[in-house]
Amino acid sequence: MKKITLLVMIMLSLSVVQPATAQTNEKKQLVPGEQAPLANPDQNSFGGIRNVGTTKSKRLPWPARPEPQIQTVSLDDLSMSDPFVFPHEETKTYYLTSTGGRLYKSKDLKMWTGPYKIIDLTGTWMDSLWVAAAEIHKFGDKYYLAGTWSDHTTLIEAVPRRYNVPRNQTQLLVSDSVEGPYKPLVAEYDFCLGPEDWDIIDGTLYEENGTVYMIFVHEWTQLIDGTMDYMPLSTDLTHRTAEPTTIFRASEAAWSKEMNSIGEATFGMKMPGWVTDGPQLFRTKTGTLGMLWSSWGEHRYAQGIAYSESGSIKGPWVQEPEAFKGDNSGHGMLFTTFEGKRLFIIHHAEERGPRKPQLYEVDDSGDKLVLGQRYHP
């Protein structure tokens, strides 16, 4: 009798342990769900319809395309989103990157030569994917390119009756030269710098008290009310050393409007919510810490500013009541010319026309940034 009782106990024990072990090793398979209602045919909409995580979105080999011809053109002749200028002091050369990841260079900010291919993503999930909001930063003797890649074959969350969220991540590439080639700082195929189940875009870098932080957008398409977040990075920038901290939400700014309320669709859908986009941290000459960031306002895309009351990335952050530039312009950044002039570059679009980079003078001598006149080099 004792032997039979012992055998029953062992069998019951196994029946409990085995399923638990199987569940631990099993990865949940996400299934695309019903999305938000489709936009009206004549409605303003950013981006085309996306099929995320379905057979329609499975990546096929890209057809070979000829490299664009290198030529020299004026800034006014360029069309691009999310322009970023890196002044290279050693060679007195300005380098311009943007969404698309190609590089232009100039000696006078007026005439630009390019586009040069500078990115090599061989052996990673990002290979052959489009890069958004490319930026160049220098720490020590290395140059880093922060860019956002989107993989529509990978579904990270299906938000019911809203959006099938693809894998978006801002990653860091590294090079010994400002002109590249830039290769992944971490070469592991599936590596993601941020949490893998977060929709992360528009990451930028900022150093405070010896720590480099990535400030990034946690997408409104996943959250409804988009956030700006930061995460500290290791000294070699290869990984985050803590989980992200939310800085603020888009709805905290009075000028940031809820998308459906202004008749703005996204990816061909009527998704409600508030947008965060394109952060860049800066200090005025008085030491005030500010953040440029973008959203959608009364006149479509808009550029705003928030300021840190503590002078630290940890805030608290207070939003300016009005947009810094609210005329379908946004994703701006500041840089200083070799002559010491503080400039602001932004992309602007007329109606539904192409996005064009524009330069403006700014006054940063006080506690708050003041927008000046259009700058024509």
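Rule-based calculations on the coordinates, nothing more; no lab input. None of these values were measured; they are calculated from a predicted model. When we count neighbours, we look across all protein chains shown, and the Cβ atoms used for this are built from the backbone with ideal geometry, even at glycine.
Things to note:
- Rounded tilt (10° steps) of 2-25 against the dominant C-alpha axis of the chain: 20
- Between 332, 340, 273, the GNM of the chain built on Cα springs shorter than 10 angstrom shows 340 fluctuating the most.
- When each of the peptides 77-87, 114-124 is scored by the mean number of other C-beta atoms lying within 10 Å of its residues, the order from highest to lowest reads 77-87, 114-124.
- Per residue convex hull volume, Cα atoms of region 225-275, in Å³: 101
- Qualifying aspartates and glutamates (Cα of each under 16 Å from Cα of residue 314; at least 8 residues distant if same chain): 207, 208, 229, 243
- Flagged links, alpha-carbon separation over 18 Å, of 92/341; 107/183; 107/285; 110/341; 138/325: 107/183; 107/285; 138/325
- Pairwise label distance in nanometres, residue 207 with residue 338, each label 7 Å out on the Cα-Cβ vector: 2.2
- Long-range HN-HN contacts of residue 131 with modeled amide H, under 5 Å: 100
- Taken over the alpha carbons of the chain as equal point scatterers, the Debye sum produces base-10 log I(q)/I(0) values at 0.06, 0.08 Å⁻¹ of -0.26, -0.44.
- Mean Cβ neighbour count within 10 Å, used as a protection proxy, ranking 243-249, 165-171 highest first: 165-171, 243-249
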